[in-house]
Amino acid sequence: MEQRTDRLESANTQGQFFVRMGRNFLSILRGLEDPLELIFRNVMMEKHYQEVCDEITSCRILPDYLGALSHKYPQLKVLEVGTGTGSFTEHVLRALCTETGALRLSRYDYTDISEAFFERAREKLTAYMPKISYGMLKIHTSKAMNQRAMISWYLPGCCMPAET
């Protein structure tokens, strides 16, 4: 059994996720381990989302679509809902760059249900900083939604939201 577990863990970050959660399952149920802390320890989840984004069809066809869209609308405004680790964000921002590295957009709103990811995202997305704003957005909270509703976006986006 241990050999299979080791093989699963060494396969990819999804395997690491399953093994880590399985090994700590009873501790999670007993309230001794925080499942979110386990998931985000050692940037495992960030790596997992990056792997998923690298593989899903929408991220592979995104550059062509966004390149054409941002060429037509160089003052594009983007709202990403549930940004989390920013893996999808990186795909979007790379797709909106010209050959010289300039961003074809006027604004990118990086939103999530909490500010937990913002500090890491600021480090990770430094090259795009002047155009990115960070803010909490809880769709089910009318006050937060009403504050953001005053802004219009050309391209709202969401990839793999974890909150239900």
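The values are calculated or read from the model by the stated rules, or taken from the named source; none is laboratory data. Not measured: the values here are computed from a predicted model. Cβ: placed from backbone, ideal geometry, glycine included. Neighbour counts: every protein chain shown.
Of note:
- Of the residues making up the range 42-81, just one is in a loop (DSSP other than H, G, I, E, B), within 16 Å of the chain's Cα centre (by Cα) and surrounded by 18 or more Cβ atoms within 10 Å (Cβ to Cβ), namely V81.
- Residue match in the range 13-30 (condition: hydroxyl-bearing (S, T, Y), crowded, with 17+ Cβ neighbours inside 10 Å, under 20 Å from the mean Cα position of the chain (by Cα) and over 25 Å from S133 (Cα atoms)): yes
- Test for I39: is it modelled with pLDDT under 90 and either under 27 Å from E119 (Cα atoms) or not in a helix (DSSP H, G or I) (or both): yes
- Residue that is modelled with the lowest pLDDT, among those in the range 118-148 that are in contact with a helix residue (DSSP H, G or I) (Cβ under 9 Å, 6 or more places away or on another chain) and assigned to a loop (DSSP other than H, G, I, E, B): I139
- When we screen L32, L26 for residues that are out of contact with any Lys or Arg (no Cβ under 8 Å at 6 or more places or on another chain), among the hydrophobic types (A, V, I, L, M, F, W, C), without any contact (Cβ under 8 Å) to a residue 40 or more places away in the chain and not in a helix (DSSP H, G or I), the only hit is L32.
- Unique residue being touching a strand residue (DSSP E or B) at 6+ places or on another chain (Cβ under 7 Å), surrounded by fewer than 20 Cβ atoms within 10 Å (Cβ to Cβ) and under 21 Å from L76 (Cα atoms) when the list is L125, L105: L125
- Candidate set: the range 77-92, residues that are β-branched (V, I, T) and in contact (Cβ under 8 Å) with a residue 60 or more places away in the chain; chosen: the one farthest from L103 (Cα to Cα): V81
- For the range 1-23, the set of residues classified as touching a residue at least 24 places away in the same chain (Cβ under 8 Å) and not in a helix (DSSP H, G or I) consists of N12 only.
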